[in-house]
Amino acid sequence: MKFGILVNEGPFQHQASDSAYLFAKAALEKGHEIYRVFFYYDGVNNANKLSEPQADDRDLVKLWSALAEEYKVDLVVCVAAALRRGIKDDILAPGFRISGLGQLIESGIQADRQITFGD
Amino acid sequence: MEEEWDEGGPEVVKRFMYVNRKAPYGTVYALEMLEKVLIAAAFEQDVHVVFMDDGVYQLKKEQETKAINMKNFSPTFRALEGYDVEKLYVEKESLEARGLTVDDLVVPVEVLSSEELKGLMDKQEVILTA
């Protein structure tokens, strides 16, 4: 199965990013494909490499980067949502790229299932 | 990967449904959802836009937002027609619970009962909610 994932919430305010990450990881480990993870709304904060969670907390930014490294997952941050939140190329964590909302629509078209994480 | 199709229209047309459930102000969900709808239209997909729960307030006429320092984006809904986004639906129960009728809304919509909406959702291929 080819999944597209949409993350609509920030990593520290809401569990949606954790759920999306754990879903993506489990799907990949089961041999499924993640066509793309698209970050929208406060979800763009998942890409901020300046984030410094406390040492005993999970670090979602690093976890996403590691997932992208291991499985070559396409992590795309919405440019319009990112710019208004100060997320720019020079603070992007490894594995993320900034692009347009069209990438989300394309994901919906290409994936067998497009799944939203967030309120 | 290109964001727009080269020429001759899209290779695949899917039924996309956007479900607006949040009030227009207070959180950014509604505004950024509208941006998403406009992009889908540019991809020439079969777009359906639903308003339910507090989302019906997004379509309320005569929004005055100056006092909260927000842009009134409700006029953009009237522009959707120009993007060939014409399938707008409002959930009957949500409208009634808020004392609204279609005359209170900035655009023509089709009013569907919760049950009818469920049927329409079943037919969609991609559903995006906020």
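The values are calculated or read from the model by the stated rules, or taken from the named source; none is laboratory data. If you're wondering where the values come from, they're calculated on a predicted model, not measured in any experiment. Virtual Cβ from ideal backbone geometry, glycine too; neighbours counted across all protein chains shown. Side chains are part of the model used for accessible areas, which takes the heavy atoms of the whole protein and leaves out ligands, DNA and RNA. Shrake-Rupley method; radii C 1.70, N 1.55, O 1.52, S 1.80 Å.
Let's test the formula: R0 of 30 Å, r as the Cβ-Cβ distance of A:Glu69 and A:Ser19. What FRET efficiency results, to the nearest 0.05? Intermediate results must be reported in sequence, preceding the final value.
On the way: r = 21 Å, r/R0 = 0.70.
In this case the efficiency is close to 0.90.
Placing unit charges on C-beta atoms (Lys and Arg positive, Asp and Glu negative, everything else neutral), compute the dipole magnitude of chain A about its Cα centre in debye, rounded to 20.
On the way: 13 positive and 17 negative charges, 59 e Å.
Once rounded to the nearest 20, the dipole reads 280 debye.
In this structure the protein assembly as shown gives 50 Å² per residue of accessible area when probed at 1.4 Å with all protein chains present. Working note: 222 nm ellipticity from helices only, DSSP H runs with n ≥ 4, each -39,500 (n - 2.57), summed and divided by the residues of chain A, gives -10000 deg cm²/dmol to the nearest 500. Taking both sides together, the accessible area buried where A meets B is about 2100 Å² for a 1.4 Å probe.
For chain A, the number of Lys pairs separated by eight or more positions or lying on different chains, with C-alpha atoms closer than 18 Å, is 10.
Please state the charge dipole magnitude for the protein assembly as shown, taken about the Cα centre, from unit charges on C-beta atoms (+1 on K and R, -1 on D and E), reported in debye and rounded to the nearest 20.
Numbers: 28 positive and 44 negative charges, 98 e Å.
About 460 debye.
With the simple spin-label model, which puts each label point 7 Å out from Cα in the Cβ direction, the A:Ala55 to B:Glu115 separation comes to 6.1 nm.
The loop-placed chymotrypsin sites (Phe, Trp or Tyr not before Pro) in region A:12-119, going by DSSP, that have at most 14 neighbouring Cβ atoms within 10 Å of their Cβ come out as A:Phe12. For A:Asp56, the solvent-accessible surface computed with a 1.4 Å probe is close to 140 Å², ligands and nucleic acids excluded. Surface composition of chain A: carbon and sulfur make up 48 percent of the accessible area, probe 1.4 Å.
The heavy atoms of A:Met1 offer some 100 square angstrom of accessible surface to a 1.4 angstrom probe.
Here's the list of lysines a cross-link from B:Lys123 could span, going by alpha-carbon distance under 17 Å and ignoring same-chain residues fewer than 8 apart: B:Lys14, B:Lys87. In this Cβ point-charge picture (+1 for Lys and Arg, -1 for Asp and Glu), region B:15-129 has a dipole of about 380 debye about its Cα centre.
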